[in-house]
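Let me begin by presenting the structure, written as structure tokens, before commenting on it.
The values are calculated or read from the model by the stated rules, or taken from the named source; none is laboratory data. These numbers come from a predicted model, not from an experiment. Cβ atoms come from the backbone with ideal geometry, glycine included; neighbour counts cover every protein chain shown.
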Amino acid sequence: MPEMERRSFLGLAVASLPLTLFTQSSRVEAPASGALVPAGEDRFAKIRPIPTGSSTFKVSTQDSQGGLFVMEHSNQKKGGPPAIYTTTKTSGST
């Protein structure tokens with residue numbers, strides 16, 4: 001078996017350290033039951049208005065032990081880019 005130099009071993013150990021710090025444990029227990037949240041309704045029955053519409057929370061991090069967050073955003077104001085110039089054919093033109 002080839003010998004590993006101390007410097008390369010320490011470099012490998014230091015390089016792998018951030019990976020172990022930022023990974024989550026895969027031993028998260030599933031919740032006992034789920035919650036049905038219909039479209040347009042909030043998981044906690046709160047109204048969350050924003051200037052262009054509203055946001056509703058569907059799955060919170062409290063429900064999933066910090067593993068997932070899902071929200072629904074609804075635009076209620078008309079907006080977007082200006083209309084693109086289009087041409088229409090009239091009955092007399094070809």
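For the stretch 66-94, a residue qualifies if it is at pLDDT 75 or above, touching a strand residue (DSSP E or B) at 6+ places or on another chain (Cβ under 9 Å) and over 30 Å from GLY34 (Cα atoms), but none of them does. The C-beta contact set for the stretch 34-54 (first residue aromatic (Phe, Trp, Tyr), second residue outside any strand (DSSP E or B) and surrounded by 13 or more Cβ atoms within 10 Å (Cβ to Cβ), distance under 9 angstrom, 6+ apart or interchain) comprises PHE44/SER60.
If you go through the stretch 44-65 and keep only what is within 17 Å of ALA32 (Cβ to Cβ) and not polar (S, T, N, Q), you end up with VAL59, ASP63. When the stretch 41-64 is filtered for residues that are touching a strand residue (DSSP E or B) at 6+ places or on another chain (Cβ under 9 Å) and either closer than 15 Å to GLN76 by Cβ or of a type in the set (Val, Ile, Thr) (or both), the ones remaining, listed by number, are ILE47, ARG48, PRO49, ILE50, THR52, GLY53, SER54, SER55, THR56, VAL59. All but one of (1) modelled with pLDDT of 85 or more; (2) of a type outside the set (D, E, K, R); (3) surrounded by 10 or more Cβ atoms within 10 Å (Cβ to Cβ) hold for LEU36; which doesn't? Condition (3) is where LEU36 drops out.
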